[in-house]
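As structure tokens, the structure follows; a few thoughts come after it.
The values are calculated or read from the model by the stated rules, or taken from the named source; none is laboratory data. Note that the structure is a prediction, hence the values are computed from the model and not measured. Here the Cβ positions follow ideal geometry from the backbone for every residue, glycine too, while neighbour counts run over all protein chains shown. Ligands, DNA and RNA are stripped out before the accessible areas are found, and what is left, the full protein with its side chains, is counted by its heavy atoms. Shrake-Rupley method; radii C 1.70, N 1.55, O 1.52, S 1.80 Å.
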Amino acid sequence: MTVDPTAAEDGIEEAGELFLPAVTGSARPDPRVLPASPVTRFAPAPTGYLHLGHLVNVLYVWGIARATGGQVVLRIEDHDRQRSRPELEMALLADLARLGVAPDEPPPDAFAGGPSPFRQSDNGAVYAAALQPLRDQGLVYACTCARSTYATYEASAGRPWRGIGCPGGCRELGLAEDADAGLRVAVGAGSERWVDLLAGPMADEPAATGDPLVRDRLGNWTYAWCVVVDDGRHGIDLVIRGRDLLDATPVQLRLARLIGRGTPPRFLHHPLIRRASGQKLSKAAGDTAVRSLLDAGRTPAVLFGSAARLAGLTQTDVPIEPGDLGALFAG
């Protein structure tokens, strides 16, 4: 997408119908259902630059936190060591500063001072220790199933794998935990029920597509595992994220229960900005990096105003100053 610097106050152009505003469901939660003084988090992965989809999440996270007297925790989710880059982490922090938003914990400068409890790659021992009680219960097992294993099953059965376990029956095989194996947790049958603060009552099976992988065959702790452990130890009681992660909620609720979290966090899944093709925005595709828009002359207020319209929160691109995000969600 080409940005015209002379149009800096005209919002974000949708040349070629690149973006579609959210048109399904509600975009604004009822202020009466929002918890008072929640602890929420903004948790980018340093695998690319912040794009407009992240900007919508920033808008919801900081807006709801400020409207409810809550706090924002910044977490760097670099569990994928093959794709994460330190220079991209620094770019993410710089972009947040340019947008005029800052976390309540930790200070952004803390990430430059060495290991941090808020950077996932620094906390492998924490994730291993959290898994030990489940291992003691016999719920952790080695698995050698690859994507091709699932594809082979689908071709043979005429449907994707669904239900507890994995296509290879690895738990029953008692495989060794070696370099060729990942680790899964047997989460059991049954469903999890919760009330999303925007989408409403929900229920689904935590093992809808099989037992979750908690460490992959490259030795990376996975998203599904890290966020559950981190949300518990960071005191996160309100998770605000895009609707593309709605299906991840039941397994995270079950894992939280298994590791002993008595009161799970509440969830709010907000609309996504999508391309005209229906695809969500992607860092890998370089979809409108926030830094490029700022470099081209857009102000944070203009970007937040456009993000609010594209998310369905407002009807027009009215600029919204970073300090006024809370007004979008106030009662």
Kindly give Rg over Rh for the range 127-179, based on alpha-carbon atoms, with the Kirkwood expression for the hydrodynamic radius.
1.05
I'd like to check one number: the per residue accessible area of the range 145-220, probe 1.4 Å, reported in Å² as a whole number.
55
Nearest-0.05 FRET efficiency for ASP216 and ARG257 at R0 = 25 Å, using Cβ-Cβ distance, is 0.60
Helix 223-233 vs. the chain, principal-axis angle (Cα, 0 to 90°, nearest 10):
80
Measure off 7 Å from each Cα along the Cα-to-Cβ vector at ALA102 and GLN315, then give the distance between these two points in nanometres to one decimal.
3.7
Given a Förster distance of 22 angstrom, what is the FRET efficiency for THR152 paired with LEU175, based on the Cβ-Cβ distance and rounded to 0.05?
0.75
Taking max minus min of the Cα coordinates of the range 38-103 on each principal axis, largest first, gives extents in Å of 37, 22, 17
Treating the angle as unsigned and between 0 and 90°, give the value, to the nearest 10°, between the Cα long axis of helix 86-99 and the longest Cα principal axis of the chain.
40
For the range 109-198, what relative contact order do you get, as a whole percent, if you take Cα pairs closer than 8 Å and at least 6 residues apart?
30
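What's the local net charge at ARG171, with K and R +1, D and E -1, over the other residues with C-beta under 10 Å away?
Net charge around ARG171: -1.
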Send over the semi-axes of the range 97-192's equivalent ellipsoid, whole angstrom and largest first, taken as the square roots of 5 times the C-alpha gyration tensor eigenvalues.
36, 19, 14
With runs of 4+ DSSP H residues as the only contributors, calculate the mean residue ellipticity of the chain at 222 nm using -39,500 (n - 2.57) per run, divided by the residue total and rounded to the nearest 500.
-9000 deg cm²/dmol
When only C-alpha pairs under 8 Å and at least 6 residues apart count, what is the relative contact order of the range 228-275, in percent?
54
Could you check the simple spin-label distance between ARG159 and ARG81, using points 7 Å along Cα→Cβ, in nm with one decimal?
3.9
Mind listing the long-range amide H neighbours of ILE236? Cut-off is under 5 Å, sequence gap 5 or more, other chains count too, H placed in the peptide plane at 1.01 Å from N.
none
ASP30 versus GLN137: modelled label distance in nm, points set 7 Å from Cα along the beta carbon direction:
3.4
Rounded to a whole number, what % of the accessible area of the chain do carbon and sulfur atoms account for, probe 1.4 Å?
52
Cα-based equivalent ellipsoid of the chain: semi-axis lengths in Å, sorted from largest, via gyration tensor:
35, 21, 21
